[in-house]
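The values are calculated or read from the model by the stated rules, or taken from the named source; none is laboratory data. Worth saying up front: this structure is predicted, and the values here are computed from it rather than measured. All Cβ positions, glycine included, derive from the backbone under ideal geometry; neighbour counts span all protein chains shown. These accessible areas exclude ligands, DNA and RNA; they are computed on the full protein's heavy atoms, side chains included. Shrake-Rupley method; radii C 1.70, N 1.55, O 1.52, S 1.80 Å.
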Amino acid sequence: MTLQRPKGTKDHLPPGSPGLSLDIQASAHAHVQRVAAQVLERAGARLTATPLFEDAALVKRGVGGSTDIVRKEMFTVYYAGDHGGFVLRPEGTAPIVRSYLENGLKQLGSPLKLWTHGPMFRAENVQQGRLRQFHQVDYECIGSSDPLADAEAIALMWEIVTELGLRGVSIQLGSIGDPQDRAAYNEYLRELFAPHLDALSDDSKERLERNPMRILDSKSSSDQALIAELGVRPMLDFLGEDARAHFAAVQEFLREWEVPFEIDPSIVRGLDYYRRTAWELHHQGIGAKSALGGGGRYDGLAQELGSKAEVPGIGWAFGIERILLAMQDEGLSVPEPAGPLLYLAALEGAQVPLAAQLARQARAVGGAEFSYRKRGAGQAYKEAARLGARYAGVIGSEEAAAHALKLKHLGSGETSTVPFGELNTFLMTTFQGEDS
Ligand code: AMP
């Protein structure tokens, strides 16, 4: 047995831990989730959660058989020596749409805005900002094909990064059109690349058959060199009338709402079910190749998963680790959790249970901690200061006999004698007084 976490995973640690950076600070992850929750719930999104593992067939259909995720990056779940046909979820959209359809969530109204956060799993080549277990915030708006839904989804992402204090984020916006537009584009790409088959990577040779658009997404530098040499026309040139009008409307709303964006004619999302609007958020601090987040419209997904009716939808996800790396790059920090209101210690072993009892009682008002062992007064005040406590108290036989304890306000050094029965009222009044 080695004392080592699996490759591509991170422990999330408490503030003050050795070697701590923002992307592995547990309270920083919680802060991002909290800010996302505020922004999303203000807009009517409801929290949801799906299992960490799903049917492999669902993920394959939902994510697309030609994607790297399905072909190379799935973690298969084995149990009791048996392969149950499950995989750890690599993304949130297909599970949420599965859950929407399975649980009849259409009844909650249309469109329905849902959000979730949690770990996702992909067996990727590990590098900075590219993990095997990473964490996402996901938002999905299901049931509308209105361009307003697209604009609002993008604007919500922008509000979250802005509220987190990030200033160096750019939005790259594109459209991958309707299925017939993509078919025309794929045909164009097939003809364009066919005479250069030998120059393509093995992966891209396969993509030429199945989904030529994905060649443009290739990580191979020789593929990218060929793409540059051939001067490939962008998908945007192939948009039909409807997709073009939809794209124009989305841009119009974003301009009106002062959400800045750039048009990226080359945007191609790795997942097969996307339609029309697609976008990515980037930040110079985490490298041009890695996105902070991305999203798109997926009107074809529900039917791909077996729904009889078409259920339009749009959604996005961002990586919490990447958000935190970007925040660290900009020198941002997250609010530190406050220390306790009270720290109590007993001067003698006999009073330890009393100190414990009073501290537990004080938790009705705020944070209260106590020492499991007797401590000298000096030691107790030092510990209280280390914890960032507001008040410290010590209880000896005198205090126990008098049913009152001396509380020291660590900021001012002032002391007050407080009867045990009035401890909570005292803490509440001074606490409220200090806060206002
Ligand atoms: P995707 O589902 O591929 O569009 O990913 C959405 C977002 O999740 C990306 O923009 C990243 O921020 C994050 N993400 C995806 N894969 C990883 C990974 N392997 N490690 C860390 N973050 C990731």
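Data for the structure
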quantity: Residues satisfying the stated conditions in segment 21-63, i.e. open to solvent by 80 Å² or more (accessible area, probe 1.4 Å) and either of a type in the set (Ser, Thr, Tyr) or closer than 13 Å to Leu88 by Cα (or both); calculated: Phe53, Lys60
quantity: Residue count for segment 333-352, restricted to those that are assigned to a loop (DSSP other than H, G, I, E, B) and open to solvent by 50 Å² or more (accessible area, probe 1.4 Å); calculated: 7
quantity: Strands (runs of 3 or more DSSP E) within segment 64-158 that include 3 or more residues near the ligand (Cβ under 10 Å from one of its atoms), assigned by TED's automatic domain parsing to the domain that holds His282 and not aromatic (Phe, Trp, Tyr); calculated: 133-142
quantity: Segment 385-420: number of residues that are within 20 Å of Tyr372 (Cβ to Cβ) and out of contact with any strand residue (DSSP E or B) (no Cβ under 7 Å at 6 or more places or on another chain); calculated: 6
quantity: Yes/no for Thr67 being over 15 Å from His117 (Cβ atoms) and out of contact with any helix residue (DSSP H, G or I) (no Cβ under 8 Å at 6 or more places or on another chain); calculated: no
quantity: Test: residue in segment 82-102 that is surrounded by 15 or more Cβ atoms within 10 Å (Cβ to Cβ), among the aromatic types (Phe, Trp, Tyr) and over 24 Å from Thr9 (Cβ atoms); calculated: yes
quantity: Residue match in segment 307-316 (condition: among the aromatic types (Phe, Trp, Tyr) and in contact with a Leu (Cβ under 6 Å, 6 or more places away or on another chain)); calculated: no
quantity: Residue count, segment 50-81 (criterion: over 20 Å from Pro111 (Cβ atoms) and under 18 Å from the mean Cα position of the chain (by Cα)); calculated: 3
quantity: Residue in segment 144-178 that is farthest from Gly331 (Cα to Cα), counting only those that are surrounded by fewer than 22 Cβ atoms within 10 Å (Cβ to Cβ) and in contact with a Gly (Cβ under 7 Å, 6 or more places away or on another chain); calculated: Asp178
quantity: Odd one out for Leu427, checked against (1) open to solvent by 40 Å² or more (accessible area, probe 1.4 Å); (2) of a type in the set (A, V, I, L, M); (3) in a helix (DSSP H, G or I); (4) closer than 30 Å to Gly16 by Cα; calculated: (1)
